[in-house]
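One structure below.
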Amino acid sequence: MNKGIILISGGLDSLVSLGLGIEQYEIKLGLTFDYGQKSAEYEIKASKKICDYYKIKHKIINLDWLKEVTHTALVSSNELPKEMDKNSAKAVWVPNRNGLFLNIAGAIADGENFDYILIGANKEEAQTFSDNSKDFIDSINKEFKFSTQKKPEVIAPLLNFDKNDIVKLALDNHIPLELVHSCYAKGEKHCGKCESCKRLKNALKNNNDEYYIGKLF
Ligand SMILES: [Zn+2]
């Protein structure tokens with residue numbers, strides 16, 4: 001019996017969502033999307049390691065065409081933003097990303113009989129990315145009532161948490177943060193400068209976690 005799918009990018013939020021949700025939602029499959037983002041190779045590697053760690057299947061979905069309609073710094077040669085504000089959200093926006101990802105997962109859930117789809121949407125990113133908000137998750141759940149027969153439920157376990165809380169949850173629950181790859185840039189190691197690295201580093205600092213700062217940066 002299939003139960004849960006998780007959207008996994010290899011980053012902090014998807015790792016912690018998986019670590020917290022694996023038993024409750026019987027997660028069996030991780031989906032990673034390759035849309036030509038600079039960090040795709042490293043996100044895929046990290047996601048694979050995380051799926052292996054939790055002993056779930058891993059599937060990569062190629063979305064080559066999405067790169068062609070994405071003109072922001074995540075895929076283009078534009079410089080990645082270093083600040084965390086409305087403008088930076090614009091600079092790394094991927095057209096309808098979470099909507100697309102959830103709908104693809106919805107099709108797999110409908111076709112292969114999964115009940116749940118987990119996503120690492122969270123309070124902190126919802127402030128700049130509207131497709132991380134509770135309203136958005138609610139609207140996709142409404143949509144699936146019409147667009148699927150299985151009517152899978154989208155679960156976002158981190159919706160009420162910011163990055164400090166998420167790191168704390170990871171530490172409290174012994175979730176292996178050394179497996180994380182949360183960087184927007186192209187490189188094996190975290191660049192430490194992009195918005196995503198800064199959010200992670202700040203959250204580790206705020207939790208007084210020197211061990212993972214040393215390990216990841
Ligand atoms: Zn980075």
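Observations, loosely collected:
- Kirkwood radius and radius of gyration were both taken over the C-alpha atoms of the stretch 18-141, and their ratio Rg/Rh is 0.96.
- Extension gain for K186-I213 works out to 7.8 nm (0.36 nm per residue, less the C-alpha to C-alpha distance).
- Pair-distance distribution P(r) for the chain, from all Cα-Cα distances in 10 Å bins starting at 0: 9, 36, 40, 14, 1 percent.
- Remark: spin-label model distance K151-N164 equals 4.0 nm, labels positioned 7 Å along the Cα→Cβ axis.
- With R₀ fixed at 35 Å, the C-beta to C-beta distance from W65 to K3 puts the FRET efficiency at about 0.70.
- Residues whose amide H lies under 5 Å from that of Y116, counting only those 5 or more places away or on a different chain, are G4, I5, E153; hydrogens are built 1.01 Å from N in the peptide plane.
- At least 15 Å along the helix axis (C-alpha) and Kyte average at least -0.5, DSSP helices within the chain: 97-112
- Here each label is just a point 7 Å from Cα along the line to Cβ, and for K205 and L171 those points are 1.5 nm apart.
Each reported figure results from applying straightforward, stated rules to the coordinates on display, with no laboratory input. In this text the structure is predicted, and so the values were computed from the model without any measurement. As a convention, Cβ positions derive from the backbone with ideal geometry for all residues, glycine included, and neighbour counts pool all protein chains shown.
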